[in-house]
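To keep things clear, I will list the structure first and then write my remarks on it.
The values are calculated or read from the model by the stated rules, or taken from the named source; none is laboratory data. This is a predicted model, so every value here is computed, not measured. Ideal geometry is used to build each Cβ from the backbone, glycine not excepted, and the neighbour counts take in all protein chains shown.
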Amino acid sequence: MAAARAVIFGCSGLGVTPDEKKFFRDADPLGFILFARNIADPAQVRALVAALRECLGRADAPVLIDQEGGRVQRLAAPHWRAAPPAARFGALHARDAVKGLEAVRLNHRLIADDLAALGITVDCAPVLDVPVEGAHDVIGDRAFARDPQAVAALGRAAMEGLLAGGVIPVVKHIPGHGRAFADSHKELPKVDASIAELEANDFVPFAALKDAPWAMTAHVLYAGLDPARPATQSPAVVERTIRQRIGFRGVLVSDDLGMSALQGDFGTRAAACLAAGCDVVLHCSGDLAEMKVVVGGVGPLNNAAQDRLARAEALRRKSLAPFDAAEGRARLGALMA
C-alpha cells in the first residue's frame, strides 16, 4: 500500500482489457470502483475483482461499489436482492425507532454479505445528508430523514451492519449535500447557509459518526466556509470544518473527479483535491485517456493516508460477526411489511 498512488479508478467493462492491465500495473492506484457497466452475474464480478487486484499484485487492494439501495445499487435483480431506499427506513424509524434501527442494520448486513461474496470490501454508503425543503432530488430518498438526529442514528446502524459483514462503509457526502439546489454531477451547487445553520443541521450526522472509517466529500461550495472553492478542493473546508469542527479522522476520498461541479483538466482537479487534504481521489468513468491525465496530478499515498487506511482495514477485519442470511432476510421482511 505504501507505494500505491492516491487514486481509485473505474474500468471500462466486464473484464480488464490488455491496455487497462498495463496501465493499472504501471499507475498502481490504491484500488478500484465498480459500476453497472462492470456487472453481469456473480461469477463474472468475482473474476473481474480478482483480475483487477492481480493487475496490482495486491490481494488486499480496496474494491468499492455504490450499493445504497433504492435508486443507487449497482448489483441488481435477478442476481441480487433489491434493497429499499434509505427513506423507507427513515419512515419506519419515525413510527418505531427500535424497529427502524434493527431494519437498517439488517439491511446493510445483507448488503455486506452480497459484497463480501464477490470480494468487494468497501461500500459507498450510507448517505448522511439531511435534505431541506426544495433541495434538488439528487439526494431525495437516498437520505434517511430530514431530522439530523434520526439520520445520525440510522447511519450508525447502517455502518454497524456493513462492518459486521466485513465491508467498510463510506459515509457521504461530508460535510453535507442535503442543502444543494443543484445536481453536482451537472454543475457546482452553492450553499449560502450560515455556519451556525450548518452546524445545527447538516454537520450533525457526520459529527455523530466522526469515527467512521471512510467518508466521501461533497462537490458543493459553502459560501460561509470558503466562497471560492467547492469543499472537495478547499483546504479551509477539509481542515477546519471536516477535520477540526466535525472531527472526522478517517480516510477522506473525493467524490468523482468527472462530475461537472469541478473545473479544469483531470490532473488539475485531482491535484487540487489532494492539496486540499483529501487522502484519495476517485475517478469513475473507466475512460483510459482521462485516467492517464489523472495520474499526472496524483502522487503516492502520504503517511497520514496510509495510517488511516490501515486503521480502516483493521476495523473491517475485527468487526466481522456470524450471521444467518436466511433468518436476516425473513426478519427484515417482517419489519418492513
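Below is a table of values for the structure above.
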item: Selection count where residues are free of Cβ contacts under 8 Å to residues at least 40 places away in the same chain and either under 19 Å from N201 (Cβ atoms) or in contact with a His (Cβ under 8 Å, 6 or more places away or on another chain) (or both), scope segment 240-253; result: 2
item: Selected residue (only one of D307, D256, D265, D279 is without any contact (Cβ under 8 Å) to a residue 12 or more places away in the chain and not aromatic (F, W, Y)); result: D307
item: Hits in segment 271-286 (condition: assigned to a loop (DSSP other than H, G, I, E, B) and either basic (K, R) or touching a helix residue (DSSP H, G or I) at 6+ places or on another chain (Cβ under 9 Å) (or both)); result: G277, C278, D279, S285, G286
item: Tally, over segment 60-79, of residues that are over 17 Å from T121 (Cβ atoms) and not in a strand (DSSP E or B); result: 6
item: S260 being farther than 20 Å from A125 by Cβ, hydroxyl-bearing (S, T, Y) and surrounded by fewer than 18 Cβ atoms within 10 Å (Cβ to Cβ); result: yes
item: Single residue of G267, G328 found to be closer than 28 Å to R105 by Cα and part of a helix (DSSP H, G or I); result: G328
item: Residues of segment 269-322 satisfying the condition of being basic (K, R) and closer than 16 Å to H219 by Cβ; result: R269
item: Which listed residue, of V253, V298, V281, is buried (at least 19 other Cβ atoms within 10 Å of the Cβ), hydrophobic (A, V, I, L, M, F, W, C) and farther than 18 Å from D26 by Cα; result: V253
item: Test: residue in segment 222-245 that is closer than 23 Å to A152 by Cβ, assigned to a loop (DSSP other than H, G, I, E, B) and in contact with a helix residue (DSSP H, G or I) (Cβ under 6 Å, 6 or more places away or on another chain); result: yes
item: Filter result for A76 (within 30 Å of R53 (Cβ to Cβ) and either of a type in the set (S, T, N, Q) or surrounded by fewer than 19 Cβ atoms within 10 Å (Cβ to Cβ) (or both)); result: yes
item: Pairs with Cβ under 8 Å, 6+ apart, first in segment 226-237 and over 12 Å from A272 (Cβ atoms) and touching a residue at least 12 places away in the same chain (Cβ under 8 Å), second among the acidic types (D, E) and surrounded by 18 or more Cβ atoms within 10 Å (Cβ to Cβ); result: V237/D226
item: Given (1) part of a loop (DSSP other than H, G, I, E, B); (2) within 30 Å of A43 (Cβ to Cβ), index of the condition H185 fails; result: (2)
item: Residue check for L92: over 28 Å from R46 (Cα atoms) and either modelled with pLDDT of 95 or more or in contact with a His (Cβ under 7 Å, 6 or more places away or on another chain) (or both); result: yes
item: Candidates A112, A143, A135, A103, filtered to the one that is surrounded by fewer than 23 Cβ atoms within 10 Å (Cβ to Cβ), among the aliphatic types (A, V, I, L, M) and in contact (Cβ under 8 Å) with a residue 12 or more places away in the chain; result: A135
